[in-house]
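The values are calculated or read from the model by the stated rules, or taken from the named source; none is laboratory data. This one's a predicted model, so the numbers in the text were calculated from it and none came from an experiment. Here the Cβ positions follow ideal geometry from the backbone for every residue, glycine too, while neighbour counts run over all protein chains shown.
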Amino acid sequence: MKKNVFWNWFWIFISLVYFFIPLYATFNFSLKARKGELSLLAYQQMMEDPRILRSLIFSTEIGLLTILLGLLLMVPTVYLVRLKAPRLRPVIEFISLLPFVIPAIVLVFGLIRTYSGGLLPLTNNYTGLNFLLIAGYVVIGLPYLYRSVDAGMSAIDVVTLTEAAQSLGASWPTIMLRVIIPNLRSAMLGAAFLTLAIVLGEFTLATFLVGLKAFGPVIWQVGQNRAYEASALVIVSFIITWVLMGLINFVGRRGAADGSVAAGPR
Amino acid sequence: MRTKKFVYHLIALFTVAATLLTACGGGGGGANTNFDWSTAKSATDGGGMDALIAAAKAEGTLTTIALPHDWCNYGEAIETFKTKYGLQVNELNPDAGSGDEIEAVKANKENKGPNAPDVIDVGFGFGPQLVEEGITFPYKVSTWDTIPADVKHPEGYWFGDYYGVLGFEVATDFVENVPQTWADLLKPEYKGKVALAGDPRTSNQAIQAVNAAALANGGSFEDPTPGLEFFKKLNEAGNFVPVIAKAATIASGETPIVIRWDYLALTDRDTFAGNPNIEFVIPSDGTPVAGVYLQGISAYAPQPAAARLWQEFLYSDEGQLLWLKGYCHPIRYNDLVARNVIPADMAAKLPPAEAYAKAVFPTLDQLSTSKTIITENWDSVVGADVK
Amino acid sequence: MSNNARVVASGGSRPKPPSIRKSPPSFAWLGVLPFLVFVVLFLFLPSLSLFVGGFQDAKGNFTLENIRGLFTPFILNAYWVTIKISFTTAVMGGIVGFFLAYALVAGGVPNWVRSSLMTFCGVASNFAGVPLAQAFIFTLGRVGLLTVFLKEALNIDLYGQGFNLYSFWGLSVTYLYFQLPLMVLIITPPIEGLRREWREAAENLGATPSQYWWHIGIPVLMPSLLGSMILLFGNAFGAYATALSLTGGLINLVTILIGSQIKGDVLHNPNLGYALAFGMVVVMAVIMSIYYALRRRSEYWLKQ
């Protein structure tokens with residue numbers, strides 16, 4: 001047992017070192033805005049830019065909506081496929097991996113072209129553009145959404161759970177809401193993290209659909225000429241994203257205390 | 001002076017407008033609100049500048065694309081335009097490359113919403129494509145005649161807006177002796193210090209850098225291979241850093257010498273404000289290479305009057321001087337100089353004029369030939385052999 | 001698999017209950033319909049230009065020229081390098097990620113450490129592009145923090161020894177920054193699903209830790225391990241901004257080629273770009289088939 005704990009801490013330590021040093025190097029650079037001394041000047045200048053806070057709020061809202069839509073689509077689909085149509089599984093999986101090979105630039109021009117007129121014009125107003133953005137992000141996040149939810153479902157015995165619930169007289173909505181989803185908490189949180197991180201940092205879709213309203217393009221703009229501010233912005237956005245995830249994690253795990261059917265060893 | 005000429009123009013336009021309107025039996029001087037500005041090939045077509053301004057105000061917005069605020073002082077130009085005419089400006093995708101802008105126009109053909117660009121600013125080499133694919137609508141600004149003939153399409157599908165010259169942006173905090181020539185760059189003291197500001201297979205700036213190196217080493221636009229050879233030597237000597245230089249890499253000292261457009265280097269000098277210190281040098285061997293950019297009005301512009309007003313603004317003396325303030329030489333530079341319109345303090349901040357007098361402007365054919373040779377051969381001549 | 005393992009894994013000796021009562025098959029399709037509709041509307045339709053454009057020339061006429069153009073040595077090399085780096089970082093990220101995830105889940109680590117690291121992984125999994133490239137330039141570039149520290153404090157000259165951040169391996173180390181956290185996030189729920197009872201039962205039956213892993217742990221996890229690694233592969237395969245910022249101009253990747261054709265200031269043959277992307281889809285399909293073959297074998301005994 002003791003030897004096990006040593007190795008665990010070893011891996012954690014090595015990973016921490018690997019993750020921390022580049023961040024520290026960026027932070028170190030951001031402190032050099034005033035020549036010859038270390039100061040928080042870059043952070044001050046960055047805070048004075050109103051676009052940053054505005055775009056951060058906007059992107060966070062888009063992110064939350066993306067998570068909602070993504071999970072809404074994904075969880076029932078994966079569940080049903082596992083339960084009833086296992087032959088569909090390779091198909092869904094392949095589809096979920098397609099966004100990797102479709103470059104964002106192709107996707108965004110495709111979205112603009114397809115929805116610029118004709119039956120479903122979405123590019124004529126800001127609401128439509130925002131919706132296109134969310135849809136685009138769900139597409140981009142598809143691989144991660146699918147993999148998280150699928151991996152989570154593979155860890156619980158969906159068939160047996162469903163059977164047991166059905167034999168107790170539960171209806172489908174009850175099964176989903178009170179049996180399956182509580183057991184997927186950890187996987188869904190993982191999916192939420194990944195999606196939020198993608199949305200906050202994404203650039204190509206955002207810049208063509210909403211321009212400087214979103215966080216990614218603003219970061220890019222700042223980085224074009226203002227070296228120190230850009231690094232300060234990277235550090236700050238990293239911390240903010242981390243805090244947001246911590247919040248999601250906190251909210252998510254609080255619910256786990258109410259007796260979900262034990263699927264794991266905890 | 002400038003005001004006199006402007007007033008003269010205005011009177012002329014008023015006269016024309018008044019004549020037209022009275023001939024049509026219309027009321028007192030004012031905008032003809034039924035005119036469709038998307039068919040106008042000049043301001044006079046629609047009744048003159050006042051009519052144009054009124055129509056633009058009625059439209060209310062201008063949608064631009066690919067105009068970073070720090071590029072040629074576009075930030076100030078946009079703000080001035082907004083306050084002067086009371087219009088909103090919807091800025092799309094400041095990151096867009098020329099290819100992106102064209103794609104954006106094409107993809108948004110049917111779209112009259114806020115996502116379709118009204119005006120574009122693209123590299124010189126894209127001119128023919130604009131005409132071929134019907135991307136832009138021909139328009140001649142009021143100051144059309146003062147734009148040099150070799151940088152505008154005779155009918156106005158595209159017209160040059162500004163140009164810059166390539167040189168070395170040097171962060172002197174990290175470099176003791178500032179290189180003055182291309183040959184200098186090969187010296188061992190610059191080991192691991194020289195970089196390009198783009199990928200030579202995609203960035204116009206980087207490709208022109210290779211052309212410039214070629215010109216300094218016995219080559220030409222038709223045969224830029226000496227330029228490729230130069231970079232090969234630079235790479236083998238270990239002087240070339242293969243990372244694309246950005247503000248951060250210059251400031252941190254990773255890429256202290258960058259081959260850059262003058263306006264970008266000089267803007268950096270101002271933005272960094274000494275942290276680090278930047279010097280801009282136009283190398284004395286070879287011939288300075290100039291790069292021109294083009295303006296165009298989208299053929300599908302949702303706000304055609306605003307688009308045309310923007311062009312009139314940019315090509316007025318006021319607009320041209322705003323570009324000059326951003327260190328970009330406006331296309332009517334020679335005209336401005338001849339009429340003595342440039343403020344002395346602005347002129348003092350620019351690199352010496354002799355270099356610009358010597359600068360060579362590659363023609364479309366030369367651009368095309370050199371581009372093909374460089375992009376196809378960069379990897380085999382210079383590139384690392386990654387297997 | 002040994003009978004022992006099967007008995008242990010099924011949590012006892014009860015025979016399996018009768019299979020679930022089958023509702024009409026159409027119900028499953030109905031439930032999957034929203035997903036399919038969404039995918040058709042927002043993935044397939046917009047990407048149609050991809051498939052169509054790859055077979056067209058600039059004027060819109062049908063041509064195989066673009067596809068033929070894919071078979072030049074330059075482009076084939078680009079595919080090869082892209083596959084290589086995706087595979088390398090998928091394996092590296094997969095292995096280290098697995099150990100880290102296991103350490104976090106089962107390692108007796110305090111809850112707050114685990115939570116913070118998991119959320120950190122969420123952030124880091126998408127830390128890519130220019131900021132990541134710059135972070136590594138600041139660290140391991142020629143005048144990077146670590147480079148300078150090693151030279152001055154420990155007299156180790158990285159670049160003198162031949163190390164170069166702007167190389168295949170430099171890019172791989174950089175890619176790892178988002179591959180590793182991704183692996184951790186995906187593999188953690190399956191590791192949590194490894195029931196402690198199985199391990200205890202195995203130990204009761206006299207198994208050593210390595211026997212446990214060999215007969216139970218790894219086989220149970222194998223489908224998820226493979227699935228996560230294919231995700232990592234795809235993730236690296238499609239990466240663009242990081243590679244461009246770090247090694248743009250020197251290393252040949254398909255995504256950079258596509259970008260140069262579609263976005264470029266100079267080259268502008270979007271049809272070739274579309275053909276290149278189409279090629280990527282084909283490669284992905286091939287990789288997926290190999291993955292399926294492997295996974296079907298590993299999932300065999302999990303189907304009870």
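Name the residues in region C:195-251 that are part of a loop (DSSP other than H, G, I, E, B), without any contact (Cβ under 8 Å) to a residue 60 or more places away in the chain and more than 10 Å from chain A (Cβ to nearest Cβ), would you?
Residues satisfying the conditions are C:GLY206, C:ALA207, C:THR208, C:GLY248, C:GLY249.
Go through region B:170-191 and give me each residue that's surrounded by fewer than 18 Cβ atoms within 10 Å (Cβ to Cβ) and within 14 Å of chain C (Cβ to nearest Cβ).
The answer is B:ASP173, B:LYS191.
Taking only region B:53-67 into account, find how many residues are crowded, with 18+ Cβ neighbours inside 10 Å and either basic (Lys, Arg) or within 10 Å of B:GLN88 (Cα to Cα) (or both).
Residues flagged as crowded, with 18+ Cβ neighbours inside 10 Å and either basic (Lys, Arg) or within 10 Å of B:GLN88 (Cα to Cα) (or both) within region B:53-67 amount to 3.
Restricting attention to helices (runs of 4 or more DSSP H) lying wholly within region C:111-184, give those where 3 or more residues are away from chain A (no Cβ under 13 Å). Please lay out each step first, then the result.
Working: elements: C:111-124, C:130-140, C:145-154.
Those helices (runs of 4 or more DSSP H) span C:145-154.
When residues of region B:49-107 are filtered for being free of Cβ contacts under 8 Å to residues at least 12 places away in the same chain and in contact with a strand residue (DSSP E or B) (Cβ under 6 Å, 6 or more places away or on another chain), how many remain?
Within region B:49-107, residues that are free of Cβ contacts under 8 Å to residues at least 12 places away in the same chain and in contact with a strand residue (DSSP E or B) (Cβ under 6 Å, 6 or more places away or on another chain) number 1.
Would you point out the residue of region B:84-129, among those that are more than 11 Å from chain A (Cβ to nearest Cβ) and more than 26 Å from B:ASP70 (Cα to Cα), that is surrounded by the fewest Cβ atoms within 10 Å (Cβ to Cβ)?
B:PRO128
Out of A:SER171, A:SER186, A:SER231, A:SER167, report the one residue that is modelled with pLDDT under 85, of a type in the set (S, T, N, Q) and more than 20 Å from the chain's Cα centre (by Cα).
A:SER171
Looking at B:TRP261, is it more than 10 Å from every other protein chain (Cβ to nearest Cβ) and touching a strand residue (DSSP E or B) at 6+ places or on another chain (Cβ under 7 Å)? Let's see the steps before the verdict.
On the way: more than 10 Å from every other protein chain (Cβ to nearest Cβ): yes; touching a strand residue (DSSP E or B) at 6+ places or on another chain (Cβ under 7 Å): yes.
So B:TRP261 fits the description; yes.
Conditions tested, residue by residue: (1) more than 27 Å from B:PRO114 (Cα to Cα); (2) modelled with pLDDT of 85 or more.
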site: A:ILE67; (1), (2): no, yes
site: A:LEU73; (1), (2): yes, yes
site: A:VAL78; (1), (2): yes, yes
site: A:GLU93; (1), (2): yes, yes
site: A:ALA104; (1), (2): no, no
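Please go through region C:76-100 and give me each residue that is farther than 18 Å from C:ALA236 by Cα and out of contact with any Cys (no Cβ under 9 Å at 6 or more places or on another chain), ordered by number.
Listed by number, the list holds a single entry, C:PHE99.
Among the listed residues B:ASN340, B:ASN275, identify the single one that is within 30 Å of C:GLY170 (Cβ to Cβ) and not charged (D, E, K, R). It would help to see each step written out before you state the result.
Details: B:ASN340 fails: within 30 Å of C:GLY170 (Cβ to Cβ).
When all the criteria are applied, what remains is B:ASN275.
Can we say C:GLY54 is touching a Pro at 6+ places or on another chain (Cβ under 6 Å), at pLDDT 65 or above and of a type outside the set (Ser, Thr, Tyr)? Full working, then the answer.
On the way: touching a Pro at 6+ places or on another chain (Cβ under 6 Å): no; at pLDDT 65 or above: yes; of a type outside the set (Ser, Thr, Tyr): yes.
Against the criterion (touching a Pro at 6+ places or on another chain (Cβ under 6 Å), at pLDDT 65 or above and of a type outside the set (Ser, Thr, Tyr)), C:GLY54 does not qualify.
Quick one: how many residues across region A:180-212 are closer than 24 Å to B:THR271 by Cβ and either crowded, with 24+ Cβ neighbours inside 10 Å or away from chain C (no Cβ under 11 Å) (or both)? Full working, then the answer.
First, pick out the residues of region A:180-212 that are closer than 24 Å to B:THR271 by Cβ: A:203, A:207, A:211-212.
After this cut, where a residue has to be either crowded, with 24+ Cβ neighbours inside 10 Å or away from chain C (no Cβ under 11 Å) (or both) as well, the list is A:207, A:211-212.
Qualifying residue count, region A:180-212: 3.
I need a count of the residues in region C:92-110 that are facing another protein chain (nearest Cβ under 8 Å) and either closer than 17 Å to C:TYR177 by Cα or modelled with pLDDT of 90 or more (or both). Give the steps one after another, and end with the answer.
Let us first name the residues in region C:92-110 that are facing another protein chain (nearest Cβ under 8 Å), namely C:96, C:99-100, C:102-104, C:106-109.
Now restrict to residues that are either closer than 17 Å to C:TYR177 by Cα or modelled with pLDDT of 90 or more (or both): C:96, C:99-100.
Final tally of qualifying residues: 3.
Evaluate region A:50-73: report whether one residue or more is more than 7 Å from chain C (Cβ to nearest Cβ) and in contact with an Asp or Glu (Cβ under 7 Å, 6 or more places away or on another chain). Even if it seems obvious, please write down each step before you answer.
Initially, region A:50-73 is screened for residues more than 7 Å from chain C (Cβ to nearest Cβ), giving A:50-72.
Keeping just the survivors that are in contact with an Asp or Glu (Cβ under 7 Å, 6 or more places away or on another chain) gives none.
So far as region A:50-73 goes, no, none of its residues is more than 7 Å from chain C (Cβ to nearest Cβ) and in contact with an Asp or Glu (Cβ under 7 Å, 6 or more places away or on another chain).
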